[in-house]
1. Kindly provide the set of residues from segment 143-157 that are basic (Lys, Arg) and under 15 Å from residue 45 (Cβ atoms), ordered by number.
2. Looking at the structure I just gave you, is residue 208 modelled with pLDDT of 75 or more, crowded, with 16+ Cβ neighbours inside 10 Å and over 16 Å from the mean Cα position of the chain (by Cα)?
3. Return yes or no: is residue 57 in contact with a Cys (Cβ under 7 Å, 6 or more places away or on another chain), at pLDDT 95 or above, surrounded by 13 or more Cβ atoms within 10 Å (Cβ to Cβ) and within 21 Å of residue 122 (Cβ to Cβ)?
4. Find the helices (runs of 4 or more DSSP H) located wholly in segment 56-166 whose residues include 2 or more that are under 17 Å from residue 39 (Cα atoms) and touching a Phe, Trp or Tyr at 6+ places or on another chain (Cβ under 8 Å), and list them.
5. Pick from segment 119-168 the residues that are of a type in the set (Ser, Thr, Tyr) and out of contact with any helix residue (DSSP H, G or I) (no Cβ under 8 Å at 6 or more places or on another chain): which of them is nearest to residue 68 (Cα to Cα)?
6. In segment 60-105, what residues are charged (D, E, K, R) and farther than 16 Å from residue 127 by Cα?
Amino acid sequence: MASGPDKRDSRAFEPQLISDPVEKAEVEARNGLRQYDAGIATVQSALERGGCFRLRVSLILSLHREALQGLSMFAGNFRPAGVSIEGSAHTPPDSHIVPELVEEMCDYVNANWVDATSLHPGAYLMWRLNWIHPFADGNGRTSRILSYVVMSIKTGYVLPGTPTIPDQIVERRQPYFDALDAADRSWSEGRLDLSHGGASRQHARNPAP
């Protein structure tokens, strides 16, 4: 898949399961709908329990599986090796520490769930999941739906709008990339700043991992 100024692709050593671009696009479209439906089901389940929610690694893997089923041999699994991000200066961490980092990410969201605004966990997850880059492919798709799910649960209803927030981000990727890059820079300086591009700065009780 080609990259451009408005697109960033993960580069991992993985054989393609589908080589025909038309067929691949069709599967990606179907999987996108399945991933969205799975995300909405998660929101509705949490709201039926009065908004009771704990972010678990299993949810992240499940959402990734929906997006990459039939497209990647690692669908629903963490990447087994290193990965690079074309168009980004960030180098994701080695694969052997990915599970620990994802666990820490979930712990941070859960520890700050009560006091956080609805925007903060969504912005944090969208950045942190892309920073960890735990998958060989599909990191952006998974981070966007996960952010949407968490913000909807925290707000108390499925966030409205057509196109949806994840689709709006896809349609205008550059502000999304700029926000990720700004958060990466602040993190490299030893601080967490998610304020770029409209996300609110949040001083949580527990330091972000």
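The values are calculated or read from the model by the stated rules, or taken from the named source; none is laboratory data. Treat the numbers as computed from the prediction; the structure is a model and nothing was measured. Every residue, glycine among them, receives a Cβ derived from its backbone with ideal geometry; neighbour counts consider all protein chains shown.
1. 154
2. Criteria not met by residue 208.
3. Values: in contact with a Cys (Cβ under 7 Å, 6 or more places away or on another chain): yes; at pLDDT 95 or above: yes; surrounded by 13 or more Cβ atoms within 10 Å (Cβ to Cβ): yes; within 21 Å of residue 122 (Cβ to Cβ): yes.
Considered against the rule, which asks whether it is in contact with a Cys (Cβ under 7 Å, 6 or more places away or on another chain), at pLDDT 95 or above, surrounded by 13 or more Cβ atoms within 10 Å (Cβ to Cβ) and within 21 Å of residue 122 (Cβ to Cβ), residue 57 comes out as yes.
4. Working: elements: 57-68, 98-111, 119-132, 139-155.
Correct list: 57-68, 119-132, 139-155.
5. So the first thing to find is which residues in segment 119-168 are of a type in the set (Ser, Thr, Tyr), and the list is 124, 142-143, 147-148, 152, 155, 157, 162, 164.
From the residues that got through so far, the ones that are out of contact with any helix residue (DSSP H, G or I) (no Cβ under 8 Å at 6 or more places or on another chain) too are 155, 162.
Working: 155: 28, 162: 24 Å.
In this case the residue turns out to be 162.
6. Scanning segment 60-105 gives 65, 66, 79, 86, 94, 100.
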